[in-house]
Structures are given as C-alpha cells and as structure tokens.
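One structure is given below, encoded as structure tokens.
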Amino acid sequence: SWVATELNGKPVEGLTFDYTTEKVSGTGGCNRFSGPISIEDDAIQIGPLAATKMACEGKSDIETQYFTALEAARSFVVEGDVLTLRADDGHVLVKFKK
C-alpha cells in the first residue's frame with residue numbers, strides 16, 4: 001500500500017493507493033475508489049475511477065484533485081520507497097511513500 005505525501009506540489013495526508021496488474025484502489029481521505037490500471041514500461045493509465053459517495057466535511061476538494069491527478073497520470077517512477085506519478089508534460093502530480 002502506498003500513502004500519498006504530495007499532491008500537485010502540496011503536502012497531503014490520508015490518501016492511499018494500492019494496485020495490482022489490472023486494478024487500482026484506495027482512499028481519497030474520505031471515499032474509497034477503484035478502477036482499471038494499465039502499466040507498460042514506465043507508462044501508466046488509470047481509470048475511469050469509481051468512488052463511494054460519502055460526504056466528508058472539508059475533504060472533498062483534495063479528494064477531487066486526487067482522483068483527477070490519478071486519471072491524468074501518464075508515467076511513473078519508483079525510486080526506493082517513493083512512487084511518483086507524472087502528467088503528459090512530465091510535471092509531478094502525486095508522490096507516494098510505501
């Protein structure tokens with residue numbers, strides 16, 4: 001299980017990410033999500049994501065940004081215990097620690 005440490009350049013807590021060769025799941029700080037994942041070399045495609053619909057005070061903005069960032073990810077790098085997801089243009093979307 002991976003825990004997000006940074007989202008769009010800002011520190012975050014409570015966001016998790018688990019994946020197998022075909023499926024991704026985790027929490028956005030409030031709701032659980034799942035969806036398909038495709039990995040080839042360093043290319044990645046996540047989504048479309050499905051999530052539960054619980055309302056959580058003050059967490060929905062971060063959660064929406066997180067789900068959007070996961071679906072926008074096009075490449076990844078694992079360095080030690082850090083996983084970095086990047087957009088098409090190479091900028092960092094999300095950083096995770098094991």
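The values are calculated or read from the model by the stated rules, or taken from the named source; none is laboratory data. Note that the structure is a prediction, hence the values are computed from the model and not measured. Methodologically, a virtual Cβ is constructed for each residue, glycine included, from the backbone with ideal geometry; neighbour enumeration extends over all protein chains shown. Accessible surface is based on the protein model in full, side chains and every heavy atom, while ligands, DNA and RNA are left aside. Shrake-Rupley method; radii C 1.70, N 1.55, O 1.52, S 1.80 Å.
Scanning region 54-64 for residues that are of a type in the set (Asp, Glu) and either at positive phi or open to solvent by less than 70 Å² (accessible area, probe 1.4 Å) (or both) returns a single hit, GLU63. Taking the listed residues SER1, SER34, the one that is of a type in the set (Ser, Thr, Tyr) and modelled with pLDDT under 95 is SER1, with no other qualifying.
Every test in (1) in contact with a Ser or Thr (Cβ under 6 Å, 6 or more places away or on another chain); (2) in contact (Cβ under 8 Å) with a residue 12 or more places away in the chain is passed by SER60 save one, and that test is (1).
Out of all the residues in region 59-81, is one or more touching a helix residue (DSSP H, G or I) at 6+ places or on another chain (Cβ under 7 Å) and of a type in the set (Gly, Ala, Ser)? Taking every residue of region 59-81 in turn, none turns out to be touching a helix residue (DSSP H, G or I) at 6+ places or on another chain (Cβ under 7 Å) and of a type in the set (Gly, Ala, Ser). Every residue in region 38-53 that is surrounded by 17 or more Cβ atoms within 10 Å (Cβ to Cβ) and either within 11 Å of the chain's Cα centre (by Cα) or not hydrophobic (A, V, I, L, M, F, W, C) (or both), please. Once the filter is applied, which keeps residues that are surrounded by 17 or more Cβ atoms within 10 Å (Cβ to Cβ) and either within 11 Å of the chain's Cα centre (by Cα) or not hydrophobic (A, V, I, L, M, F, W, C) (or both), region 38-53 yields ILE46, GLY47, LEU49.
Candidates in region 65-90 are the residues that are free of Cβ contacts under 8 Å to residues at least 24 places away in the same chain and assigned to a helix (DSSP H, G or I); of these, the one that is least open to solvent (accessible area, probe 1.4 Å) is ALA72. Applying the set (1) closer than 22 Å to LYS98 by Cβ; (2) in contact with a Gly (Cβ under 6 Å, 6 or more places away or on another chain); (3) open to solvent by 50 Å² or more (accessible area, probe 1.4 Å) to LYS23 leaves exactly one unmet item: (2). Taking the criterion of being of a type in the set (Ser, Thr, Tyr), on the phi < 0 side of the Ramachandran plot and outside any strand (DSSP E or B), would at least one residue in region 6-26 satisfy it? Yes, region 6-26 has at least one match.
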